[in-house]
Amino acid sequence: MKKRLTIFAAATAAALMLAACSGGSGSGAGSPGGGAAGGAGSPGAGEAVSSQDADAEGTGAQTGSPAGGTDGAAAREVELMFWYWADNTEQSDLIQGIVEDFNRDNGRGITVKAEEYPWNGGGFSEDTFTAVMGGGGPDVSTFKLSAGKMYAANQLLADMSSYVENWDKAGQISDSVWDIMRESTGNGQLNVMPWTLEPLYVYYRPSYFEKAGVSVPETFDQWLECIEKCTMDTDGDGQTDVYGYGLRGANGGQEHLGSFLYAYGADWSDLTAPEAVEAYKAYLGIYENGWAPESAPNAGYAELVDGFKTGLTAMMLHHVGSSSIWLETFGDDVDAFVMPGTEKGQWTCTGDTELVVYEQCKDKEAAFAFIEYMITGDGGSKWFKGTGKSLGTDNITSTPEYAANPFQAVSSQSIPIAGVLPPTDTVTEFINSVWSNTNQQALLGQVAPEDALKIMNQSLNGQ
């Protein structure tokens with residue numbers, strides 16, 4: 001486990017008193033798996049004092065109210081433990097800097113102590129779960145929707161509904177996103193707060209569209225027609241030189257299938273439904289008709305990027321994270337559009353990173369103040385400027401960086417139709433062990449579409 005990075009900059013005493021958030025800070029020996037309470041972040045000599053201690057000392061301080069007394073005594077400080085993962089050292093340094101700024105500027109006596117732990121293929125979620133179950137772990141952490149039901153089943157997450165209801169900036173986030181957050185736990189509560197979403201959309205080469213005589217599609221059927229017509233023999237030798245679509249048949253390709261399911265009136269809940277079968281046949285048809293490269297059954301992210309970058313494919317499905325590559329490679333000869341749909345449905349998969357407050361946190365108001373800062377405050381703006389990741393809230397869309405990247409608008413426009421695979425108990429097994437092999441066999445005609453979907457459905461939904 002890589003060495004954790006720690007910030008502990010004491011905030012300036014402020015006029016507002018917030019109860020200390022110490023209960024969730026006992027993180028053992030500094031490992032997500034350490035369940036021992038009373039470790040790093042637990043109040044001790046010279047540290048933040050809990051609200052119970054403050055009241056016992058007769059300060060008259062109330063959470064969110066001015067400190068009592070007439071002598072102008074400084075308010076008690078609040079300490080929060082924040083665990084996060086980062087994709088690279090630069091992003092970790094950025095988070096540490098954002099936390100430093102929050103500690104310096106919040107004016108409410110809140111100090112956040114940020115510690116990095118590796119994502120480790122999902123191990124972050126499991127290790128944090130173990131730590132919190134053992135009485136340690138953080139007050140706030142980054143989170144993935146796929147872990148929602150496991151945490152909620154053990155009542156580990158705080159319900160933030162009342163805070164969001166009174167949040168004047170909640171309306172900047174679409175209702176569909178709030179629905180995704182609520183559905184992730186299955187308990188009717190709002191336990192998960194959105195932070196960044198990276199919905200997939202369609203990148204395309206305008207010069208290829210012009211050569212094929214097609215325009216940007218507005219419907220799903222028009223999109224399939226574009227794929228067909230953009231499959232071209234450009235030099236007249238009888239061989240296909242450009243394929244209409246970079247089909248990702250292997251690792252990660254399950255995210256692309258969802259757009260077909262919803263367009264045909266199906267969803268992830270029953271992959272054996274007639275509508276799902278029809279959708280899957282349309283998906284397989286792209287390869288069977290020769291509209292995708294021959295390597296499609298084995299294509300993951302690297303093959304997808306390589307095909308588009310070399311000009312082998314006219315379109316590919318990805319998120320804003322790769323936009324800088326395409327602008328650098330193609331200049332003006334690259335554009336994008338929202339994944340089309342039908343009157344039956346429209347959907348695109350999104351990458352997600354969320355924020356959660358744990359039930360053990362003793363000052364959820366302070367925790368929510370930090371989350372506000374990370375979403376619609378300066379923290380969210382700085383994170384976007386450094387990574388390009390956001391929810392498209394007002395603090396983001398008003399930045400020069402947003403205006404300078406034409407793909408940010410397409411990303412924001414895709415958020416209302418964005419979703420994730422259902423967080424079933426077996427979704428990880430479906431993604432890692434079942435999807436690629438089963439889909440490859442279907443693409444190669446080694447298993448019938450109906451049978452492939454039965455295998456997938458059993459893995460994903462247990463039926």
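Some points to look at:
- Kirkwood-based Rg to Rh ratio, region 374-463, C-alpha trace: 1.21
- The tail of the calculated P(r) for region 230-306, taken as Cα-Cα distances beyond 18 Å, holds 46 percent of the pairs.
- Annotation: the residues 370, 337, 430, sorted from fewest to most other C-beta atoms within 10 Å of their own C-beta, follow the order 337, 430, 370.
- As a ratio to 2.2 N^0.38 Å, the alpha-carbon radius of gyration for region 195-278 is 1.30.
- Lysines whose Cα lies under 21 Å from that of residue 281, excluding same-chain neighbours fewer than 8 positions away: 229, 344, 454
- Sorted by Cβ neighbour density within 10 Å, fewest at the top, the residues 433, 174, 125, 390: 433, 174, 125, 390
- Within a straight-line Cα-Cα reach of under 23 Å, residue 364 can be paired with the following lysines, leaving aside sequence neighbours fewer than 8 residues apart in one chain: 113, 144, 149, 169.
- Relative to the 2.2 N^0.38 Å rule of thumb, region 320-422 has a C-alpha radius of gyration ratio of 1.28.
- Diffusion coefficient, µm² s⁻¹, Stokes-Einstein with Kirkwood Rh over alpha-carbon pairs of region 149-308 at 4 °C and 1.567 mPa s: 69
- Computed from backbone phi, the HN-Hα couplings of region 384-390 come to 5, 4, x, 10, x, 9, 5 Hz, rounded to whole numbers (Karplus: 6.51 cos²θ - 1.76 cosθ + 1.60, θ = phi - 60°; Gly and Pro given as x).
- With the alpha-carbon atoms of region 288-343 aligned to their principal axes, the span from lowest to highest coordinate is 34, 32, 18 Å, starting with the largest.
- Under the Karplus curve 6.51 cos²θ - 1.76 cosθ + 1.60, θ = phi - 60°, whole-Hz ³J(HN,Hα) for region 93-104, x wherever Gly or Pro sits: 4, 5, 4, 4, x, 4, 5, 4, 5, 4, 4, 6
- Converting the Cα gyration tensor eigenvalues of region 238-366 into ellipsoid dimensions via √(5λ) gives semi-axes, longest first, of 31, 23, 13 Å.
- Taking the C-alpha atoms of region 76-163, convex hull volume expressed per residue in Å³: 115
- Region 126-224 pair-distance distribution - Cα-Cα, 5 Å bins, rounded %: 2, 10, 17, 16, 12, 9, 8, 7, 7, 6, 4, 1, 0
Each reported figure results from applying straightforward, stated rules to the coordinates on display, with no laboratory input. From a predicted model like this one, the values you see are computed outputs, not experimental measurements. Note that each Cβ is placed from the backbone with ideal geometry, even for glycine, and that neighbours are counted across all protein chains shown.
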